[in-house]
Amino acid sequence: MGAKSMCCSIKTKDVNIIIDPGVSGMQPGFPASTGKKLLWLRKARKAIKTALKYADIVIVSHYHYDHYNVLNTKNLNGKILLIKNPNEFINYSQRERAVEFFKKLSLKFLGKPLKKVMEKPEVRNYSDPINKLN
């Protein structure tokens, strides 16, 4: 889309899916003028918002801002949401972003503040999968 984004729109005869509906500006070192970068950013946001209107399913794979920052609760009405579990396999900074995201979702769709959706984070130890290789 000309701006830093991994957003994908998938259309079939049966369903429209949008994956990671977000975008961010290009890095300072990217060889384009600030004006061009801002133009591409605006165009990408507009394209994602248009795709969201027609999406049946919205997928958020993780909580980097450029994977969900175009979302707001208005453009999620009537959509199936498949969102990364905020309680497992998540680092601290993404967990904090997830909490903010789920607060907005809870107020909009449950009509009350977030309470039980988020669990207290717990430290888990996992075995090294390399040890299982022969």
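The values are calculated or read from the model by the stated rules, or taken from the named source; none is laboratory data. None of these values were measured; they are calculated from a predicted model. Note that each Cβ is placed from the backbone with ideal geometry, even for glycine, and that neighbours are counted across all protein chains shown. With ligands, DNA and RNA removed, areas are computed over all heavy atoms of the protein, side chains included. Shrake-Rupley method; radii C 1.70, N 1.55, O 1.52, S 1.80 Å.
May I ask for the percentage of alpha-carbon pairs in the chain that lie more than 23 Å from each other?
Values: 4003 of 8911 pairs.
The proportion of pairs with Cα distances above 23 Å equals 45 percent.
Report, in debye and to the nearest 20, how large the dipole of the chain comes out about its Cα centre when Lys and Arg carry +1 and Asp and Glu carry -1 on their Cβ.
Numbers: 25 positive and 10 negative charges, 138 e Å.
Here the chain has a charge dipole of around 660 debye.
So what does residue 30 come to for accessible area, using a 1.4 Å probe and Å² rounded to 10?
Surface accessible to solvent at residue 30 totals approximately 80 Å².
How much FRET efficiency would the formula 1/(1 + (r/R0)^6) give for residue 87 and residue 15, where r is the Cβ-Cβ distance and R0 is 35 Å, rounded to 0.05? Walk me through the numbers on the way to the answer.
Details: r = 27 Å, r/R0 = 0.78.
Here the calculated transfer efficiency is 0.80.
Which of the listed residues, 69, 47, 93, is farthest toward the dipole's positive end in segment 24-97, when Lys, Arg count +1 and Asp, Glu count -1 at the beta-carbon?
Highest projection toward the positive end goes to 47.
Angle check, please: helix 92-105 long axis (alpha carbons) against the longest principal axis of the chain (alpha carbons), in degrees 0 to 90, nearest 10.
70
For the chain, what relative contact order do you get, as a whole percent, if you take Cα pairs closer than 8 Å and at least 6 residues apart?
Working: 180 pairs, mean separation 28.8, N = 134.
Reported relative contact order: 21 percent.
Can you pull out the GluC sites (Glu not before Pro) in segment 40-134 whose DSSP state is coil and whose Cβ has at most 11 other Cβ atoms within 10 Å?
Details: sites: 88, 96, 100, 119, 122; in loops: 88, 119, 122.
Listed in order of number, the matching sites are 88, 119, 122.
Write down the percent of antiparallel bridges among all DSSP beta bridges whose residues are both part of the chain, to the nearest 5. Mind showing how you got there, number by number?
Working: 5 of 12 bridges.
Antiparallel bridges: around 40 percent, rounded to the nearest 5.
Mind checking which aspartates and glutamates have their C-alpha under 18 Å from residue 112, skipping anything on the same chain fewer than 8 residues away?
Those aspartates and glutamates meeting the cut-off are 100.
Could you give the length gained on full extension between residue 110 and residue 54, defined as 0.36 nm per residue of separation minus the Cα-Cα distance, in nm? Numbers along the way, then the final one.
Details: separation 56, 0.36 × 56 = 20.16 nm, distance 2.33 nm.
Full-extension gain reported as 17.8 nm.
Given the pairs 13/74; 11/53; 43/104; 43/84; 37/104, which are separated by over 19 angstrom at their Cα positions?
Details: 13/74 25 Å; 11/53 13 Å; 43/104 25 Å; 43/84 27 Å; 37/104 29 Å.
Those over the limit are 13/74; 43/104; 43/84; 37/104.
Roughly what angle does helix 34-54 make with the longest principal axis of the chain, taking Cα atoms, 0 to 90 degrees, to the nearest 10?
For 34-54 against the chain, the angle is about 70 degrees.
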